[in-house]
Amino acid sequence: MKAAYGDGGRARRLPAAALVRDVRNVVKFVWTHPANERRRARALLRAVVFQSRGRVLRRRTLARLGRQSSVWADLHRTAASKAVYANPPDHPEMLVWRQVLRPGDLFVDVGANVGSYTIWAGDLGAEVIALEPAEDTFALLAENVALNGYPVEAIQAAAGAACGTARFTSGRDSVNRLDPEGSVETAIVTIDSIIGDRTVAGMKVDVEGFEIDVLRGCERALSEHRLRLIQLEWNATSRAAVGADRQPVADLLAVHGYSLYRPSSSGVLVPLTNVAFGPDVFARHDR
């Protein structure tokens, strides 16, 4: 779910051609987004104000998220920029969580970035464990958590197949990833190690293609069916990350009795018939 809705972590002064391309992408995103269906003009005006504040005044914007929450949005932060352009920004996926999560549920946000899903879950009354390894992004996540005051345990670490440390990239906003040549070192934890014996109502995993490693680190919870619903990024980043398509992820989940779904435009989960690359999918135990 990556696109140029901010400037993807690039420098704020862009060449003219790149600026025109970014503006076109923003206008298309705002105009076609289902959350803006009855208020497209107002949404475009909001986008213009946000872009102007960021590019001309170098100021950030407070964006509404959910029914009663907000996040700080900086022009060069993709996930936060999307929250300015539409509420909810990831429309079908976030509608799924609106239907599923209940007050007091536990939600785990793996690859939380600045916290859009963390704050969305908190807005729904859930308790959240949020993992984000990048130092600069983690600071923004912590800021948004403090802004809303929800019960969130924010952990500066990546999730993987085993606990330890690894090299990680920096300064790439939503596309930071594990990389042996990365400029910083980050802690690696497993989901099993942080949730213990608790049942997780929902878990979102967006880790730039390393989703298979995250799942290998929670096989105890998977085998005991304590992860009720899992959202997984399903694009081609896994080829660069682990040299594979998404079939190994589907196979691992199937071993533990989980089937795959993709949300309809209204957030209804529809069985997945083709595991080829595409939008995010959800995994749910057949029981």
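Run lengths n ≥ 4 of DSSP H only: what is the helix-derived mean residue ellipticity at 222 nm for the chain, with -39500 (n - 2.57) per run over all residues, to the nearest 500?
Working: 11 runs with 104 residues, N = 287.
Helices in the chain give a 222 nm mean residue ellipticity of -10500 deg cm²/dmol.
Roughly how many nanometres apart are two label points built 7 Å out from the Cα toward the Cβ at Ser264 and Val184?
Distance between label points: 4.3 nm.
Which length gain, in nm to one decimal place, applies between Arg21 and Ala244 when the Cα-Cα distance is subtracted from 0.36 nm times their residue separation?
Numbers: separation 223, 0.36 × 223 = 80.28 nm, distance 3.10 nm.
Full-extension gain reported as 77.2 nm.
Given the options Phe282, Gly149, Cys218, identify the residue whose Cα lies farthest towards the positive end of the charge dipole of the chain (+1 on Cβ of Lys, Arg; -1 on Cβ of Asp, Glu).
The residue sitting most towards the positive pole is Gly149.
Based on a Kirkwood Rh over C-alpha pairs, give the Stokes-Einstein translational diffusion coefficient of the stretch 94-199 at 10 °C and viscosity 1.306 mPa s in µm²/s.
Values: Rh = 14.1 Å.
Rounded to a whole number, D works out at 112 µm²/s.
What FRET efficiency comes out for the pair Arg198/Thr165, r = Cβ-Cβ distance, R0 = 22 Å, nearest 0.05? List each step's numbers first, then the result.
Values: r = 25 Å, r/R0 = 1.14.
After rounding to 0.05, the efficiency reads 0.30.
When the Karplus curve 6.51 cos²θ - 1.76 cosθ + 1.60 is applied with θ = phi - 60°, which whole-Hz ³J(HN,Hα) does each residue of the stretch 274-287 get, with x for Gly and Pro?
9, 8, 5, 3, x, x, 3, 10, 10, 10, 9, 5, 4, 5
Extension gain Gln68-Ala276, at 0.36 nm per residue separation less the Cα-Cα distance, in nm?
Numbers: separation 208, 0.36 × 208 = 74.88 nm, distance 3.66 nm.
71.2 nm is the gain from fully extending Gln68 to Ala276.
Please list, ordered by chain and number, the residues whose modelled amide H lies under 5 Å from the amide H of Arg262; skip anything fewer than 5 residues away on the same chain.
Counting only residues 5 or more places away or on other chains, the set is Val270, Leu272, Phe282.
What ³J(HN,Hα) values, in whole Hz, does the Karplus curve 6.51 cos²θ - 1.76 cosθ + 1.60 give for the stretch 225-240 when θ = phi - 60°, with x put for Gly and Pro?
For the stretch 225-240, the Karplus-derived couplings read 6, 9, 10, 6, 8, 10, 9, 10, 5, 9, 8, 7, 4, 5, 5, 6 Hz, x marking Gly and Pro.
In what sequence, highest mean first, do 203-215, 50-62, 130-142, 87-99 appear when ranked by Cβ atoms within 10 angstrom? Before the final figure, lay out each step's value.
Values: 203-215: 24.1, 50-62: 15.0, 130-142: 22.3, 87-99: 20.8.
My ranking of the peptides, most packed first, is 203-215, 130-142, 87-99, 50-62.
Going from the alpha-carbon gyration tensor of the stretch 158-287, what semi-axes, largest first and in whole Å, does one get by taking the root of 5 times each eigenvalue?
Values: eigenvalues 116, 68, 30 Å².
Over the Cα atoms of the stretch 158-287, the ellipsoid semi-axes are 24, 18, 12 Å.
Readers should treat all values here as calculations from the given coordinates under stated rules, not as data from a laboratory. Quantities reported herein were computed from a predicted structural model and do not represent experimental measurements. Neighbour counts run over all protein chains shown; Cβ positions are idealised from the backbone, glycine included.
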